[in-house]
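All remarks here apply to the structure that follows.
The values are calculated or read from the model by the stated rules, or taken from the named source; none is laboratory data. Since this is a predicted model, take the numbers as computed values, not measurements. No Cβ is skipped: glycine too gets one built from the backbone with ideal geometry, and neighbour counts run over all protein chains shown. Note: areas computed on protein heavy atoms with side chains; ligands, DNA, RNA excluded. Shrake-Rupley method; radii C 1.70, N 1.55, O 1.52, S 1.80 Å.
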Amino acid sequence: MEETNYHASPSARDLTALSTTTTRPVKIIQLQHPTTTSTTTTAGTSSYFAKWTAKMKRMNSTEWIQTFLPCYRWISAYKWREYLQADVMAGVTVGVMLVPQSMSYAKLAGLQPIYGLYSGFVPIFVYAIFGSSRQLAIGPVALTSLLVSNVLGSIVDSSEKLYTDLAILLAFMVGVLECIMGLLRLGWLIRFISHSVISGFTTASAIVIALSQAKYFLGYEIERSSKFIPLVKSIILGADQFLWPPFVMGFIILAILLTMKHLGKTRKHFRFLRAAGPLTAVILGTTFVKVYHPSSISLVGEIPQGLPKFSIPKEFGYAKSLIPTTILITGVAILESVGIAKALAAKNGYELDSNQELFGLGVANIVGSFFSVYPTTGSFSRSAVNHESGAKTGLSGIVMGIIMGCALQFLTPLFESIPQCALAAIVISAVIGLVDYDEATFLWRVDKRDFLLWIITFAVTLFLGIEIGVLVGVGVSLAFVIHESANPHIGCDFNVFTVDTLTLYLYSSIQPIRCF
């Protein structure tokens, strides 16, 4: 098809010539600049509040209850015969998966395993009431645990009580920020972050997480870092302290986990193996230790028995230094939780409000911080298993919480003999799914610019650290958006629609238009 180019021209003669070539009359409206902006701003603000007030007045009592207690939506329409069995089975399945995972992620965060169990207990019940997703499984996750370890490790040693107090304070601050964003309806901010940034960031983080767990396989301590080079350097320098028993055990357990995970994903009849993997790893490792008593394999050790007690978060004097990490963890929570929750809502045929989701996550973290919880968010793997297991409503989450409560109350003495390498294998098997090289290959074929964005985010996160990686990735992504806005490409086919002559001229004075 013939290509026509219109270029900018400031002369009135061009306007006359352009207008005479069309049959549609042109009406030129004189643009007047307002003498003050206060009137416009006031009118806009008044209009917004008028719409908001009108919406509030139209809401009935049921809608008010659903706004403050989203759980009422599924409770009021619950089909007991159809949903109950599926919810209970899904809750038990994911609950069994959550117990060993929560201990593993607590170790990754530099905390005692008991705090992982606490974080998988209280927030689940709170989220079931205030959260809007019916399949999202919240609790400790690998990425958030790494962020907690990274920032708190630079402030205080993980063996000190202050470290634990700061982790709990961080949960409170994250919850407050999430609630504020939910109440101010700022969930739309995630649209400014490209999927390429998310993919590159999580891929690099997965590699760092896996390397940080190598010490439990190798049998010696390595440097605590969120950067690739210091971790690899530390592993190489300590090679003379290498121990075979934990390496062999960890490698065998990891192979079993990956095999069960693969069979659970690819074979319908073996779907239960995906959720049973972490529990199987713990049972095998504990059984071996009980039978052979190997001295070179480190164990979890004593875990306090009983439910968490109420306590107010402490050490608010450190709050200012935790603000950047609070923002970062909240951003990761938005990307991970809201994205998963929306996908699951679409698959299950109901609507999900991003702002309500943020508020639900925030309340779960705030209430959890009063029961010794560190920052929690939605888990991709557990949510997927929850969905695949047939969960219909938030009742599955309540069942998960009951399973965790039973583990805290009765089973903690059994956890003392769990090998550290078994927990490390659980973490590594979980984060392998975050490595997204297929996305990079796809972007290379489809969009070179997004591929460049993926590479930049991946490389900066891997070599310079998580915080810098996120900032650079988001910054470059926004730069691309601004560049596109300033230099848009508009294609128009005059056989399909007619372009208003004045609009075409006014736009051509800014940017040439290519019609094809």
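Residue pairs whose Cβ atoms lie under 9 Å apart, sitting 6 or more positions apart in sequence or on different chains, and linking a residue in the range 104-119 that is within 17 Å of residue 417 (Cα to Cα) and charged (D, E, K, R) to a partner that is in a loop (DSSP other than H, G, I, E, B) and open to solvent by less than 10 Å² (accessible area, probe 1.4 Å), are 107/213. Which residue, of 272, 251, 288, is closer than 25 Å to residue 208 by Cβ, surrounded by 12 or more Cβ atoms within 10 Å (Cβ to Cβ) and of a type in the set (Phe, Trp, Tyr)? Residue meeting the stated conditions: 251.
Among the conditions (1) buried (at least 16 other Cβ atoms within 10 Å of the Cβ); (2) more than 20 Å from the chain's Cα centre (by Cα); (3) aliphatic (A, V, I, L, M), the only one that residue 77 does not satisfy is (1). Of all the numbered requirements in (1) touching a helix residue (DSSP H, G or I) at 6+ places or on another chain (Cβ under 9 Å); (2) on the phi > 0 side of the Ramachandran plot, residue 349 misses one, and that requirement is (1). Residue count for the range 388-423, restricted to those that are among the polar types (S, T, N, Q) and outside any helix (DSSP H, G or I): 3.
Test of understanding: among 87, 165, which residue is of a type in the set (Asp, Glu) and either closer than 30 Å to residue 443 by Cβ or open to solvent by less than 10 Å² (accessible area, probe 1.4 Å) (or both)?
Only one candidate passes the filter, namely 87.
Tallying residues that are within 17 Å of residue 159 (Cβ to Cβ) and outside any helix (DSSP H, G or I) within the range 108-129 yields 4. Got at least one residue in the range 414-430 being in contact with a Phe, Trp or Tyr (Cβ under 6 Å, 6 or more places away or on another chain) and open to solvent by 10 Å² or more (accessible area, probe 1.4 Å)? Yes, the range 414-430 contains at least one residue that is in contact with a Phe, Trp or Tyr (Cβ under 6 Å, 6 or more places away or on another chain) and open to solvent by 10 Å² or more (accessible area, probe 1.4 Å). Cβ-Cβ distances below 7 Å connect the following pairs, each with a first residue in the range 410-437 that is farther than 18 Å from residue 304 by Cβ, a second residue that is open to solvent by 10 Å² or more (accessible area, probe 1.4 Å) and among the basic types (Lys, Arg), and a separation of six or more residues or different chains: 429/261. For the range 408-431, the condition holds for no residue, the condition being that it is over 30 Å from residue 296 (Cβ atoms) and β-branched (Val, Ile, Thr).
Here is a yes/no grid of residues against (1) over 28 Å from residue 467 (Cβ atoms); (2) open to solvent by 10 Å² or more (accessible area, probe 1.4 Å):
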{"site": "99", "(1), (2)": "yes, yes"}
{"site": "132", "(1), (2)": "yes, yes"}
{"site": "135", "(1), (2)": "yes, no"}
{"site": "148", "(1), (2)": "no, no"}
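For the range 197-214, which positions are open to solvent by 10 Å² or more (accessible area, probe 1.4 Å) and of a type in the set (Ser, Thr, Tyr)? Within the range 197-214, 202, 212 qualify.
Taking the criterion of being under 24 Å from residue 473 (Cα atoms) and either among the β-branched types (Val, Ile, Thr) or assigned to a loop (DSSP other than H, G, I, E, B) (or both), the residues of the range 137-184 that qualify are 141, 144, 148, 151, 154, 174. Residues of the range 325-350 that are assigned to a loop (DSSP other than H, G, I, E, B) and either of a type in the set (A, V, I, L, M, F, W, C) or open to solvent by 40 Å² or more (accessible area, probe 1.4 Å) (or both): 349 alone. For the range 362-386, a residue qualifies if it is open to solvent by 10 Å² or more (accessible area, probe 1.4 Å) and within 11 Å of residue 313 (Cβ to Cβ), and the qualifying residues are 366, 370, 371, 372. Any residue that is of a type in the set (Phe, Trp, Tyr), closer than 20 Å to residue 324 by Cβ and either more than 23 Å from the chain's Cα centre (by Cα) or at pLDDT below 90 (or both) - is there at least one of those in the range 220-234? The answer is no, given that none of the residues of the range 220-234 is of a type in the set (Phe, Trp, Tyr), closer than 20 Å to residue 324 by Cβ and either more than 23 Å from the chain's Cα centre (by Cα) or at pLDDT below 90 (or both). Taken as a whole, the condition of being in contact (Cβ under 8 Å) with a residue 60 or more places away in the chain and more than 18 Å from the chain's Cα centre (by Cα) does not apply to residue 157.
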